[in-house]
Every structure is written in structure tokens, then in C-alpha cells.
Amino acid sequence: MVEALQAITGMNDILPEQTPVWQYFEETVTDLLASYGYKQIRTPIMEYTGLFKRSIGEVTDIVEKEMYTLDKEDGKSYALRPENTAAVVRSMIEHGLTHAGRVQKLWYYGPMFRRERPQKGRYRQFHQIGVEVFNLAGPDIDAELIALTWRLWKLLGIESAVTLELNSLGSLEARNNYKAALVDYLTTYKDQLDKDSQSRLSTNPLRILDTKIESTKTILVNAPKFTDFIDEDSSEHFKGLLMRLDTLGIPYVLNTNLVRGLDYYNKTVFEWTTTALGAQGTVCGGGRYDGLFEQIGGKPTFGVGFAMGVERLILLLKELGKIPTALNQLDCYFVAVGEGTDALALKLSEQIRDQFPQLKLQVNTGGGNFKNQLKKADNSCARYALILGENELSQQKLVCKPLRDDTPQQLVDWADIASHLKQLLK
Ligand code: ATP
Ligand code: MG
């Protein structure tokens, strides 16, 4: 016998019993985004590797070790997208959709790929739903994005389990001044820093603020604070955002150590975190990236966005018991027993669908005796069984049998069955 193959480590099948919750989540988010006037954009799952190098930054975890790349004979290097902001920006530039200050409010959804160590909430293929807004400079749009996510958590019933963490990274110049001061301070403690932080000291010192290592955290307590370096414009912007969040009654925590993994952020950065998922606690992260267009060859364009991790949010829904019952539940299961009934069942069910297209109706296939088919009806979790036996056939009627309560079954004329079901399922 040949050995059975398995899926690639860290890349998961989403099995039929899991898809209803995925669909519930996707519909909730996409309906919400439409209600705020956002439009979907779809970009390819592969891009030239250079796009991610230029946008995310050469010395980030993603570019250094997490990308799946493919180097072709044509001398070009391709990468499975590790995130989608860079690709959306690339697309805006390529199609001129943000020229002359044109505002775009966009969202995307799809798989992302990162070669990480797989564990709960961390996979090699995972899904993000993200939002990107272009050509809006003020804190009002930052506030809208946060209000939108806050509304989503409330719709999903998880608002008490998530915390909004906020920070401002200021302008590039302010950040560079701060970086220099931080490096000065940390260099005096170099020997006491963990290995990762030691190497980040020369490559990406701000990421040290993000450390999970306790001894390094202790050293950071007395480190220079960015609040002493922030530029006037960014400071005003940040105050404007906090004022709006206060007006909206959205709770937040200021976290000066929040820097986010990618290089391209400035001013506002935020994360929604939870303690309910262990180490993989960030369910959504985003911020402003006003310099990104220029970094990848476009004109200066304001940008702000966020991405949420779908797997983590679904884990959180499960953890909190917030998955609605009876998702995608069948309304009816059509049971047909006896000579000539299965073809008629098909015909009648098509007629019912003509009159009641929203009805979720499954017709028994593959035969079986009455007991056997009724059992399948019950296992399908349908609310009603429609039964066509030889008796019903001769009377041109169907039995409509409730499967989830004790109300009596009814005998209904073929012609009336769709309207009967409409009444029942109102
Ligand atoms: P983390 O700090 O957990 O590695 P990140 O900062 O790398 O997250 P982002 O690049 O900001 O994550 O992506 C946005 C969101 O996508 C994250 O908040 C998370 O919910 C989700 N995410 C990121 N990487 C993974 C992964 N490997 N598996 C599952 N979800 C992920
Ligand atoms: Mg990461």
C-alpha cells in the first residue's frame, strides 16, 4: 500500500463541520464593512519578493526568516504573501487609484503565509481580513477604524475579552532620534540583554521594546520613553485620536512598548489583544503608514489600516462559547419511500424551491427504508421531515413532521407545501 500523504505542517484543512463558523464570521465582518462603505480588493497571493523586502523591512522576522519564496530561472524571486498591505499599496500605485488625493476605503480577505513554528493560534497558512484607507490624514479615520473593530467585537459578543492597546510611533525623524537614545541606553546593558535583543540592538532596536524576556523587560523600565521624543504633529494627531475614542466611549490602554513587527508604521499603532488564547494573544493589529507609498515607488499618500487573524478570532469565539447554535441549519429533509417516489421527491422539491428559494432543503439520496431515512433526517439536524410514501403518493399529499419538538405532524397538499413551510418557518 502507498503511504498516505498529509497536509503541509502548519497548513490546515478547514473541515465541513468547521466551515459554518468560518462563514458566520466572514459574513458578520463583510456585512459590517459594507455597512461602513468599504469595498473589497483582491490581489494575487504571490508577488515579487522585492515588494515585501522594501515594504516590511529587511531586518524584520518576516523578511529574514518567515517568507516562502520561489526563485525562478528568469532571475526573479517570487514570494507567497506574508501579509497584504504592501500588495494593496502596490495595486493602488499600479492602477493609479490614489492619484490626486482620491480616497479609497478598502478591505481584503485571504490566506497569508509565514514560515513560523506552528502552535495554537500560529500557523504557516493563516487568514487575515484587513482594511486599508488611503489619502486621509486625520485622526478621525484612525478612530473610525477602531470604532468599526469595536462594533465587530460587540456583534460577535467578545468585547469583554479584548483590550485595545494604543501607541504613537511619531514621525520618522522623531523615531530616529528616539532610536539613537534607546541604543545609547541599551548599549550600556548589552551584556545583560537576551541574545535576540543583543542582535536587534544593531538591526532593529525598537523591536527590543516588544520583548517577552523578563530580564530584558526589567532593563527597559528605566529606558528613555518615546513620549519625550514625539514630534508636535504626531502628538496632536494622537491627542485627537484619544479624544475621539473618549467621545465614542471605547476603552483603551496606552502601551509605549507597542511597536508592531513591521517597519512601515508611523503615528498611530494599535493592537486588540486577549488573555484567553495564551501566548498568541493579538487578534488584530494595525496603524498608520504614511511613508509606505514612497517606499515602494509611489507618490506620498496617507495610509492607515489593520489586519485581523481569522483563526485566532474563531478560537476566541470557541473559547468564550460565542458560536451561535444551529448555524446553517437545514429546514427540511425530504424522505421518499416506495416505488416511484424518489423521482417524484426530486420533482416536488424543485417545485418547492421555485416558490421558496431561501428554504434549506435536502432530499434523501441513495434510497433506504423508512426507518433508515428518518434517521438520516434526524441526524441532518433539519427541523422538519417531508415524507412521501405510497399512501401520500396516491393522495397527492406530503407529511410534514416536526423533528425538534412534539407538535403533531400534518398532511399537506403538494400544491400547498411551499406556503405551508413559509408559515412554519416565518
Ligand atoms: P504576532 O505578534 O502574534 O506574531 P504579528 O505582529 O506578526 O503577530 P501581524 O503581521 O500584525 O501579526 O498580523 C495581524 C494579525 O494576523 C495578528 O494580530 C494575528 O491575529 C494574525 N497572525 C499573524 N501571524 C499569524 C500566524 N502565523 N498564524 C495565525 N495568525 C497570525
Ligand atoms: Mg509575527
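The values are calculated or read from the model by the stated rules, or taken from the named source; none is laboratory data. As the structure is a prediction and not an experimental result, all values here were calculated from the model. Please note: Cβ atoms are built from the backbone with ideal geometry, for glycine as well, and neighbour counts cover all protein chains shown. For accessibility, only protein heavy atoms count, side chains too; no ligands or nucleic acids. Shrake-Rupley method; radii C 1.70, N 1.55, O 1.52, S 1.80 Å.
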How do the pairs read when you match residues in the stretch 223-247 that are within 16 Å of residue 304 (Cβ to Cβ) with residues anywhere that are in a helix (DSSP H, G or I) and of a type in the set (A, V, I, L, M), using Cβ under 7 Å and keeping only pairs 6 or more apart or on different chains? 234/174; 241/143; 244/143; 245/143; 245/146
Within the stretch 360-406, strands (runs of 3 or more DSSP E) holding 3 or more residues that are buried (at least 18 other Cβ atoms within 10 Å of the Cβ): 384-388, 397-402
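Would you check which residues across the stretch 196-229 are touching a Lys or Arg at 6+ places or on another chain (Cβ under 9 Å) and not in a helix (DSSP H, G or I) and list them? It would help to see each step written out before you state the result.
As a first pass, look at the stretch 196-229 and keep what is touching a Lys or Arg at 6+ places or on another chain (Cβ under 9 Å): 196-198, 200-201, 205-208, 210-211, 226, 229.
Across the stretch 196-229, the qualifying residues are 211, 229.
Please state which one of 273, 247 is within 14 Å of ligand 2 (Cβ to nearest atom), out of contact with any helix residue (DSSP H, G or I) (no Cβ under 8 Å at 6 or more places or on another chain) and over 16 Å from residue 60 (Cβ atoms).
Every option except 273 fails the conditions.
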Residue 330: part of a loop (DSSP other than H, G, I, E, B), of a type in the set (A, V, I, L, M, F, W, C) and on the phi < 0 side of the Ramachandran plot, yes or no? yes
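Looking at this structure, is residue 307 at negative phi, within 10 Å of ligand 1 (Cβ to nearest atom) and modelled with pLDDT under 95? Steps first, answer last, please.
On the way: at negative phi: yes; within 10 Å of ligand 1 (Cβ to nearest atom): yes; modelled with pLDDT under 95: no.
No; evaluated as a whole, the condition is false for this residue.
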Quick count over the stretch 32-75, residues being more than 16 Å from ligand 2 (Cβ to nearest atom), under 19 Å from residue 132 (Cα atoms) and not in a strand (DSSP E or B), is 14
Looking at (1) without any contact (Cβ under 8 Å) to a residue 60 or more places away in the chain; (2) open to solvent by 50 Å² or more (accessible area, probe 1.4 Å); (3) out of contact with any strand residue (DSSP E or B) (no Cβ under 7 Å at 6 or more places or on another chain), find the lone condition where residue 66 falls short. (2)
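In the stretch 92-123, which residues are of a type in the set (D, E, K, R) and either within 12 Å of ligand 2 (Cβ to nearest atom) or part of a strand (DSSP E or B) (or both)?
Of everything in the stretch 92-123, those that are of a type in the set (D, E, K, R) and either within 12 Å of ligand 2 (Cβ to nearest atom) or part of a strand (DSSP E or B) (or both) turn out to be 105, 114, 115, 116, 117, 122.
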Could you check the stretch 30-63 and list, in sequence order, the residues that are touching a Ser or Thr at 6+ places or on another chain (Cβ under 8 Å), surrounded by fewer than 17 Cβ atoms within 10 Å (Cβ to Cβ) and within 22 Å of residue 117 (Cα to Cα)? 59
Going residue by residue through the stretch 128-145, is there one that turns out to be open to solvent by 20 Å² or more (accessible area, probe 1.4 Å) and more than 30 Å from residue 105 (Cβ to Cβ)? no
Assess whether residue 236 counts as being open to solvent by 20 Å² or more (accessible area, probe 1.4 Å), in contact with a Pro (Cβ under 8 Å, 6 or more places away or on another chain) and within 30 Å of residue 181 (Cα to Cα). no
Quick one: residue 82 ticks every box in (1) within 12 Å of ligand 1 (Cβ to nearest atom); (2) more than 18 Å from residue 299 (Cα to Cα); (3) touching a residue at least 40 places away in the same chain (Cβ under 8 Å) except a single one, so which number is it? (3)
